[in-house]
């Protein structure tokens, strides 16, 4: 009988031997989410790619920031995926989705060249080709999830989030809704941990990923910034900073933490270091569907904070009710983010 | 690829067989870039190159009417790897617009954050993105003869970095499996932790504000930074000799390699790291505080420092069209006629630019990119110079070396070189590196300067940490200066993004942003042919590049072109396409240098 190490039978091969990750950075974005994941350590990108976590399938990453291949050698995976020959694959989208219908010609965002026409292949065309074939579709960062900075009022491109484009009720061939991991950029470990969860799910090691009504993983976005902030004690004592650089609660200096769904003050930015209000940076709501418009101007105190910070003695239900109203407002995107053929952002183009 | 047309009408030259090759997208950069070339395989040379960008977002459009205090939060999102450089540059412009001077400790904190950004970003780009072009797997596929030679070539500095042969270095650079690749990736996290200590979050900072920072200056803050910095200093003592060995080997193994990516020395640097003792952010004193920066601003033409005066640099920036998808603004509103010193401001200056996008079909004989063509007017000759940044470090070093102003103990600019001193670390003694002005502005020297600048940033950070702690120990811990947004203002910020020059120009009217035009490095490098027919730097550098790759058209990787392009550290939602397609051969008359097109 073959000698096997003690405990060998604890290691089960994944029922899915290989998974591809097709990662588009060609939305209207900054590649900050791809850069962000290179900072992750829980898990790191190399932990996942080199098989350092038990039970996972072999993972092949096709991301333009990190890829070995260039040009057509790189894009062949895109074409294979579109033809249904790269199974199974997870589609990650980074950057907001421009509205290519609001103009007569040209492109806002593209990746690669159509060999027949010599024209660029638009990002939207790629999403149309790839999303129906993907096991799961993941939005990385606030641009891809809800529109973000490039979808602010007055924008010329009519951009929007993935769910605005594909539909909020969209389901993948495997029955998964769009998975949104917002953040501007996405907190490194938040993204890699979501990806890890999906790989566990693919391998039959985890149940359906739990998502809230904005399609966010509940364990990451269930609490508010304020609930995880180590300056909340100052808030409780009614002790507020009047100048930047103070270690006290900065809600009067523009921090939106009490109504923003995000775990960054709790988790830190990386290795437990950094963050936002916990280190003196006002929360500008960068994980939220209403970002950025509903939080601007960022450096003014949020309207609700005057009531709640002033009535800090009246704890309990009243404050939570007030915050819940604000929270549901900032959890809604502005109405101009839509796939229709009219540009309604407030910008009036003279040349298209 | 029938869209590549009409380059051949001018002067009759010899007939060549050209193969169209496009790379779209260029990977291992930040952003989407395509490079379209025609290659002359018989003469082993790139005959023609067009660089194209695939994305338009419209910052200068949607920032109009917004609160000027929001500018740094918004513009950080321009870039996902050096967003903090934008945020910093925006706060510089805000400080000028609002008439405020941050406390000294705030400036040191920003300088420490920005130094960490250079340490992180040059590191990850050099060793995890560019490095792959020099790794064993790549060299095996493109130049097996060179790899064979590398196996037999001992590393001159193996005692310092531990890799016995040049091929051992190349193996260590293999993506993910290479030991040095993984060490560099891990080090890029340590430096980002340093960054987060000072600016809150990478890459879009949370603690920067006009007037200073929200970072709380404590003993612990600087301890946490310094212990990480010293680990990086030790790392640099191995990395600088490692890259010298690798780059010197390429000159030796491939005679003539200095021509890869070579172009005329036309370098711009807008200066980095303000000195709080001098910098008051007023426009009228900008020449003085520009000179006091810890990386000296300057324009270097053919090896001469043409200017180091930020006012001069500012006034001669011109934004040209020619091949970009925009309508012209020549007859649109003039926002400012003169600068605060009374000097005339041109209609093509960023202060007076209006952005009118016109999306259209891509046509390499006409309009083919979303990037505009920034130029610098050389008043001596009247030329609109297509300055490049060389990816940042080579221009910073060249300007700083020639100006001979920086002298802070850890760093000394000598007039012809820059000396960098790194103190003793855990296992290695103190060391002095010296960056010397190279013979060429080419791919290898751009890459080499990037390594040396990592050491420069570390040395500068040692100085900044000392200055910051001196403020802390003296009890000067206020980090922010209050201000009011004026009804009207004009302002500018100058900085060095990791990969080169960065400027933000803003006009405020009625307390709102009336005009905002950021110019990051990549528009300077990745731009198309301008109205005068002058190609942009990538196009120019690639067009001069000889082909050393051993593969013919059927297996061609374009590695020499990739090294040329990546040496500029492209970072823009834009792209370089190389498309071998079906190897379609054109027979065409070719004008080798592309001359002037009408």
Global form of chain B, assessed from the alpha-carbon gyration tensor, a/c cut-off 1.5: oblate
Rg to Rh, two decimals, where the protein assembly as shown supplies the alpha carbon set and Rh follows Kirkwood: 0.94
Peptide A:71-79, shielding by other chains (average Cβ, 10 Å cutoff): 5
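Once you keep just the Cα pairs under 8 angstrom separated by 6 or more residues, what percentage relative contact order results for chain B? Display every interim value, and only then the final one.
Numbers: 1430 pairs, mean separation 168.7, N = 598.
Once normalised by length, the contact order is 28 percent.
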FRET efficiency, residue A:318 to residue A:237 (Cβ-Cβ, R0 22 Å, nearest 0.05): 0.70
Calculated [θ] (222 nm, deg cm²/dmol) that DSSP helices of n ≥ 4 give over the protein assembly as shown, each run adding -39,500 (n - 2.57): -9000 deg cm²/dmol
Stokes-Einstein D in µm²/s, Kirkwood radius over Cα pairs - chain A at 20 °C with 1.002 mPa s viscosity: 99
Inter-centroid distance (Cα atoms) of region B:88-121 relative to region A:146-208, Å: 34
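How do A:191, B:335 rank when sorted from fewest to most other Cβ atoms within 10 Å of their own Cβ?
Exposure proxy ranking, most exposed first: B:335, A:191.
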Mean-position separation - Cα centroids, region A:1-33 and region B:123-147, in angstrom: 26
Rounded if a/c under 1.5, otherwise prolate or oblate - region B:157-308, Cα gyration tensor axes: oblate
Stokes-Einstein D for region B:394-462, Kirkwood Rh over Cα pairs, 20 °C, 1.002 mPa s (µm²/s): 175
Sorted peptide list for B:360-366, B:290-296, criterion being average Cβ within 10 angstrom, highest first: B:290-296, B:360-366
Within a Gaussian network of chain A (alpha carbon springs, distance under 10 Å), most fluctuating of A:237, A:11, A:201: A:11
Order of B:265, B:260, B:565 under a 10 Å beta carbon neighbour criterion, fewest first: B:265, B:260, B:565
Cβ crowding within 10 Å averaged over residues, with B:117-126, B:280-289 ranked highest first: B:117-126, B:280-289
Exercise: per-residue mean of other protein chain Cβ atoms within 10 Å, A:146-158: 5
Number of partner chain Cβ atoms within 10 Å, mean per residue of B:68-80: 6
Sequence ranges B:71-79, A:329-337, ranked by mean other-Cβ count within 10 angstrom, highest first: B:71-79, A:329-337
Cβ-based exposure ranking for B:64, B:424, in which fewest neighbours within 10 Å come first: B:424, B:64
Rounded if a/c under 1.5, otherwise prolate or oblate - region B:397-522, Cα gyration tensor axes: oblate
Euclidean distance between Cα centres, region A:243-311 to region B:411-479, Å: 35
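None of the figures in this text is laboratory data; all of them are computed from the coordinates on show. Since the structure is predicted, the reported quantities are computational estimates derived from the model, not experimental observations. So basically every Cβ, Gly included, is an ideal-geometry build from the backbone, and we count neighbours across all protein chains shown.
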